[in-house]
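I have placed the structure first, in the form of structure tokens, so that the comments after it can refer back to it.
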Amino acid sequence: MPEVQVPAAPGDPLAMAEGHDGPRPRRAWRGDAVLLLVVGLGAVLRFWGIGDQSFWFDEWLTTEAVAGGPADLARHVATREGITPPYFVVMWVWARVAGDGEVALRSFSALAGVATVPVAYAIAVRLGQRRRVARGAALLVAANPLLVWYSQEARPYALLALLGALSVLAAVEVDRTGRRADVVRWGIVAAVAVAVHYFALFVVAGEAVGLAARRRVPPRVLALGAVPVALVLAVLAPFALEQHSHATNRAWIAQFALTDRLEDAVRTAFAGPGARFAWLWLVPLAVTVAIGAVTSSRTGRRDRRVVGALLLLVVAGVVPALGAAVVGTDVLLGRYLLATFVPLLVASAVALLAGRSFRLGAAAVLVIAGVWIGADVAVVRDPRLHRADWRAVADVVADDPSAHARVLLVDTNGGQSSPLHRYLPSATVLAPGEAVTIDRIDLLVARPAGVPCNFYVGRGCGFVFLGRPLPESLADRFTLSERRELDQFVVERYRADGPVTVEREDLLAVPGDGAYVWVTPAGR
């Protein structure tokens, strides 16, 4: 089938600006020193302090996935994850090249996050925008706290944002040229995005619907581009069904009200998961809406259509996920929607910078970027905004060898303390009904945070470990000897005059499945 060549039409929202020849968008980034500086900023924000935080629960799951052989990896993904296998296959290879420490595993996400910055620039250029708009889009992506946060996490979300942006870039190129080769490239990129995370399918479907509606590509050619996506879905279907059969992998999500999760998604989009102040997200949101309304009124029709097209793509990526949550398959989290985030930021840059009120829009972009960079720096410098610090807890538990075994009680959300398997490898979890002889009890208590709560991310409400007092039956045999205050936790240490044999249930004031009792052998 011959390639279809369709010239860009003036006034077309997804075409180049009038007067631009075909190759120019491909070369627009070359020699742009500002872009290089912005990419450098994005790299600094993503690699600065990347190893300071210990692995939290989800990242620990990644370490578990890559620790064994291929069969172990497949079993782990099918039974313990809600994410597609290809990411873990990539990380399995990466761990054997770079290592499995915090810096090593997270650096893959950091590199993906840095690469997303020039992709945002390229999207703006391919949409016919001036360099100032492309630079603004790159700056917003480089500084955004949500993108920076997930660029420092050993999970697939930074890669999801990158691949979502690349699929948008490929779709814009298809609309611009109509060539079959570009359609095939879009299909391959879209398939890779879906292979990394199921929720990327919503964005890819929105791109396909948009391309079909514009009729710049023959239906048979567009169907050819959809073949890779269909093949990936066919391969992933057995894993998806197996994962769905393990309800515990997703049941925790629905424990939080959908409205609360949507509010959290908006807050973290504009302030990141580790925001220092509860109201911080309102600043960039208010500036974007207020100034964007003014500048958009002085923007040309073509640029307004570009903003509208990008926002429709964002809606296409969010509404089906929301619809699925409403009808019964509720697995919606803000971070699952990251494939839509770069188009949203590019749309913001176009709205603020494309019109005649450039100075006002530029000031708005600088204010937003400044607030976001401040939030990024605060997360690095303030341990209270970090992920739960299990490394520090393990150091305290291990710093005082004992003549007998001792235990660490995590009596609320105990499963979230699973990273202690990594940081305290000699410790085991006491099974129900199991007894142990001890002379020391460490009780984990959360320090009041005074910062916004998120859902199992950062210094979140899901990490509140209440630290109930010891049962009365033990209070007369164990005496509080010291309190070790950490940045996020307090470890209350109780000692006995001699060895005491207790069962797991004896140690818990309120026995329940949510509690973990960690046992550390004597002298370790």
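The values are calculated or read from the model by the stated rules, or taken from the named source; none is laboratory data. Source: prediction; values computed, not measured. Quick reminder, even Gly has a Cβ in these numbers, built from the backbone with ideal geometry, and neighbours come from all protein chains shown. Accessible surface is based on the protein model in full, side chains and every heavy atom, while ligands, DNA and RNA are left aside. Shrake-Rupley method; radii C 1.70, N 1.55, O 1.52, S 1.80 Å.
The table below lists the values:
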| quantity | calculated |
| --- | --- |
| Of the DSSP H helices in the chain, those whose Cα atoms cover at least 27 Å axially and whose Kyte score averages 0.5 or more | 102-126, 157-177, 219-245, 301-327, 358-381 |
| Cα gyration tensor, region 97-215 - rounded (a/c under 1.5), prolate or oblate | oblate |
| Solvent-accessible area, 1.4 Å probe, carbon plus sulfur percent, for the chain | 63 |
| Percent RCO, i.e. relative contact order, over region 184-236, from Cα pairs under 8 Å lying at least 6 residues apart | 58 |
| Accessible area (Å², per residue) of region 277-401, counting only protein heavy atoms and a probe of 1.4 Å | 41 |
| Per residue value of the accessible surface for region 118-250 (all protein chains in place, 1.4 Å probe), Å² | 33 |
| Sequence ranges 248-260, 49-61, ranked by mean other-Cβ count within 10 angstrom, highest first | 49-61, 248-260 |
| Burial order of peptide ranges 471-483, 124-136 (average beta-carbon count within 10 Å, highest first) | 124-136, 471-483 |
| Most to least packed among 103-113, 158-168, 366-376 [average Cβ atoms within 10 Å] | 158-168, 103-113, 366-376 |
| Cα centroid of region 248-269 to Cα centroid of region 282-359, whole Å | 20 |
| Heavy-atom accessible area ranking, 1.4 Å probe, most first, across 281, 390 | 281, 390 |
| Normalised contact order of region 27-150, rounded percent, pairs of Cα under 8 Å and 6 or more residues apart | 37 |
| Computed [θ] at 222 nm, deg cm²/dmol, the chain (DSSP H ≥ 4; -39,500 (n - 2.57); rounded to nearest 500) | -18000 deg cm²/dmol |
| For Rg and Dmax of the Cα atoms in Å, calculated from these coordinates, the label among [x] 31.1, 121; [y] 25.5, 87; [z] 22.5, 72 | [y] |
